[in-house]
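Encoded as C-alpha cells, the structure appears first; notes follow it.
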Amino acid sequence: VDAALLELQSRLPAEVIDVDPHSLQSYGQDWTRFSKVNASVVLKPQTIEQIQTIIALAKRHQCRIVPSGGRTGLAGGAVATQGEWILSMDRFCRMGTLNTAALSLECEAGVTLEKLQEHLSSTPWQWPVDLASKGSAQIGGLLSTNAGGLKVIRYGHVRRWVQSITMVDGESRVQVLNGPIDKNNSGYNFRELVIGAEGTLGVLVAAHLKLCRKPQRRVHALRPAQSVKHCLESLIAARSFPLELEAFEFFSQDCVNAVLKHRPDLKSLPPAPWYCLWSWDASVGMPWDLSPDEFKAGSWLESAILVEDSSAHEIWAYRESITEALSTRGLVYKNDVAVPVDKLEDFLKELQSFCARAYQGFEVYFFGHLGDGNVHINIVNPNRDSPEAFRAHCESTNPSLYACVANYGGSCAAEHGIGLLKKKELLLTRGPSQVEWMKQVKKVFDPHGLFNPGKIFEADCQIPTAQEDSNT
Ligand SMILES: Cc1cc2nc3c(=O)[nH]c(=O)nc-3n(C[C@H](O)[C@H](O)[C@H](O)COP(=O)(O)OP(=O)(O)OC[C@H]3O[C@@H](n4cnc5c(N)ncnc54)[C@H](O)[C@@H]3O)c2cc1C
C-alpha cells in the first residue's frame, strides 16, 4: 500500500489524495452501518485523465476501487471493507447547457439530484426522478443503483431517463455508451448493463439525461386507512380519478410515531393503522375545478387532507422523514422487496405475522411505494450494542422471509440494489445461472477485478501479478 500511495502522490496533484482518518471513515461507508470500514485512501479526481491514472495504478499495485457517490446507498455498495481506494466523484459536478431540441442535459456524475432540480427549476422541464436523499445522492449513484423513488408509478426507474453514459472501464479506456442520440439499434446495448451495476463495471463520469415537461401544478393528498385493503382501494380510486397519478406511497402508524418523535415541529395526524399519500398532476385542473360529474367521482376524498404545491412539504414530510427518523432510533436492518401490487394485501398479512414472530424485542416498520408493490421492511434494534449479533439474527430469518417473497413472485431488491447485504437473497431469487452470467459480464468490463469486489456477488476474479502487468 505504501508503494502504491507513493506512486499516487507522484502522479496526481496533492489535493486529489486524502488520507485523513476522518475522511477514510466517512467516505468508507454509506447509510448502512453494519460493516467495519477499512479504506486505504480517498481519491477525489477532477479530470478523466486522473481517473484513468488511478485505475492504471490500482491495476499495477493490485489495489481495488470503490466508486463513490453521495453515500446514501442502503445496501452497502459504496462501503470499503478491504483496504480499497475510495474514488469519490464529488468534484465532477458540472452541468452542460440544456438541449431543448433533444430534450436532454449533459451532467457529470457528481452532481446531486437537488442541484440538478435547482438547475432546471426555472425551465418547463424536469428529470422526473425524486427521492428523499436528493440533497446528497449523485447522478453516478442514482444511475449505478437504477434508483426508483417517489414517482416510479408514473415515470419508471432512472433507467428510462438516461440517453447516454460516459464511463471509464477496467482497462482505463473511456467508453461512450450510446451517445446523445435516441435511436440506436446497433448491437448490444451496454448502457442498460451499466445502469444498476452498483459500481462493479467501471466508473461513470457523465451522462446525457432525458428530460420531460414538468406538471404546471400538482395536488397532494394524505388519507388515513384502516387496513392495507383500504390503502389499495384508495390506490384504485386515485388511479381511476381523471387526473394523472404521479406518486402513491403508504406507511404505518408506527412510522408516523417515529417521525413525530424525530420532528416535533410536525402536527400529529388523525389516528389510523395506515396512511396513504399521493400526488396527481393537476395541469388540467384541480379536483375542485373539474366538472361536477368528475368531481362527484371523488366523494371518497372527503376523508383526505388535500393540499396544493405550496403546502405539499407539510404532508410529504411524514413520508420523507421516515428513513432519517428510524436511523436515530438505533441500528436499522433494511429489506426492500416488491411483489405484484394485486398481491400486496395477502403478502402484507403474511409478512406482519411473520415479523411479529421473527423480530421479538425489535421494532418493525412498514412503508414504501405502494403503487409499485414496493414495501420497505425496516427492523430497528434500539439497543445499539452488538451490530454483528443483530445482523446475524436478521440474516438468520432471511431465508424464510425471502422464500415468502419468492412465493409471491417478488424481488429481493426492488430499488436499493444488492451491494454487500443481499447477496444470498440474490442467489435465491435470481438463481445460480443468472448470477454466473453477471460474473461473466463483469469480467468483460473489469477483467482485473478492480471495481467494487464482493459487491452483488462474491469476488472471484483473479488480479494478474505485477509481472504479468508490466505493460501498464
Ligand atoms: C433518506 C433516504 C431515502 C432514500 N430513498 C430512496 C428511494 O426512494 N428510492 C431509491 O431507489 N433509493 C432511495 N435511497 C437510497 C439511495 O439514496 C439511492 O440508492 C441512491 O441512488 C444512491 O446514490 P448515491 O450517490 O448516494 O450513491 P452511493 O451510495 O455513493 O453509491 C451507490 C452505489 O453506486 C456506486 N456508484 C456511485 N457513484 C458511482 C459512479 N460515479 N460510478 C460508478 N459507480 C458509482 C457505488 O459504488 C455503490 O455501489 C434513499 C436513501 C436515503 C438515505
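The values are calculated or read from the model by the stated rules, or taken from the named source; none is laboratory data. Note that the coordinates shown come from a computational prediction; the quantities given were computed from them, not determined experimentally. Neighbour counts run over all protein chains shown; Cβ positions are idealised from the backbone, glycine included. Protein only, heavy atoms only, side chains kept; ligands, DNA and RNA dropped before computing areas. Shrake-Rupley method; radii C 1.70, N 1.55, O 1.52, S 1.80 Å.
Return, ordered by residue number, the residues of the range 42-63 whose backbone nitrogen is under 15 Å from a label point located 7 Å along Cα→Cβ of CYS93. Answer for the range 42-63: 44-47. Given axes a ≥ b ≥ c from the Cα gyration tensor, I'd like to know whether the range 37-178 is rounded (a/c under 1.5), prolate (a/b larger than b/c) or oblate. Note, shape of the range 37-178 comes out prolate. At a 1.4 Å probe radius, carbon and sulfur cover how many percent of the accessible area of the range 195-279? Result for the range 195-279: 50 percent of the exposed heavy-atom area is carbon or sulfur.
Measuring with a 1.4 Å probe in the full set of protein chains, what accessible area per residue, in whole Å², belongs to the chain?
On the way: 20420 Å² over 472 residues.
Per-residue accessible area for the chain comes out at 43 Å².
On full extension of the chain, what length is gained from GLN226 through ASN185, given 0.36 nm per residue of separation minus the C-alpha to C-alpha distance? Present the calculation step by step, with values, prior to reporting the outcome.
Details: separation 41, 0.36 × 41 = 14.76 nm, distance 4.95 nm.
Net length gain for the segment: 9.8 nm.
Sort out the exposed loop GluC sites (Glu not before Pro) in the chain (DSSP loop, at most 14 other Cβ within 10 Å) and tell me the longest stretch that has none. By the stated rule (loop sites, at most 14 other Cβ atoms within 10 Å), 1-457. Taken along the Cα-to-beta-carbon direction at a fixed 7 Å, the label points for GLU324 and SER122 span 2.7 nm. From helices alone, the chain scores -9500 deg cm²/dmol at 222 nm; the rule is -39500 (n - 2.57) for each run of n ≥ 4 DSSP H residues, then divide by the residue total. Values of log10 I(q)/I(0) for the range 267-406 across q = 0.14 Å⁻¹ run -0.81, by the Debye formula with one identical scatterer at each alpha carbon and no solvent.
Taking a ≥ b ≥ c as the square roots of the Cα gyration tensor eigenvalues, with a/c under 1.5 meaning rounded and otherwise prolate when a/b beats b/c, else oblate, which class fits the chain?
Working: a/c = 1.94, a/b = 1.44, b/c = 1.35.
Cα axes put the chain in the prolate bin.
Here the range 46-169 exposes an accessible surface that is 47 percent carbon and sulfur, computed with a 1.4 Å probe and the other protein chains kept in place. In this label model, ASP385 and ARG217 are separated by 5.7 nm, measuring between points 7 Å along each Cα→Cβ vector.
Taking all Cα pairs closer than 8 Å and separated by 6 or more residues, the relative contact order of the chain comes to 16 percent.
At 0.36 nm per residue, minus the direct Cα-Cα distance, what do VAL174 and GLU308 gain on full extension? Give it in nm, one decimal, please.
On the way: separation 134, 0.36 × 134 = 48.24 nm, distance 4.58 nm.
Extra length available between VAL174 and GLU308 comes to 43.7 nm.
Distances between placed amide hydrogens fall under 5 Å for VAL162 paired with LYS210, all partners being 5 or more residues away or on another chain. Annotation: lysines with alpha-carbon distance below 26 angstrom to LYS343 (same-chain offsets under eight excluded): LYS151, LYS229, LYS334, LYS422, LYS423, LYS424.
Tell me the relative contact order for the range 294-428 as a rounded percent, counting alpha carbon contacts under 8 Å between residues six or more apart.
29
Per-residue surface analysis assigns LYS349 an accessible area of about 130 Å², computed on protein heavy atoms at 1.4 Å probe radius. Site pair ALA14 and CYS404 shows an inter-label distance of 5.7 nm when each label is modelled 7 Å from Cα along Cα→Cβ. Here LYS261 is the anchor, and the aspartates and glutamates within straight C-alpha reach of less than 14 Å, apart from those fewer than 8 places off in the same chain, are GLU324.
For the chain, hydrophobic long helices are taken as DSSP H runs at least 15 Å long by C-alpha position along their axis with mean Kyte-Doolittle hydropathy of -0.5 or more; these are 48-60, 228-240, 344-358, 387-407. The length gained by stretching the chain between ALA237 and ASN38 to full extension, at 0.36 nm per residue less their Cα-Cα distance, is 66.6 nm.
Using a probe of 1.4 Å on the protein chains alone, the accessible area found for ARG71 is around 50 Å².
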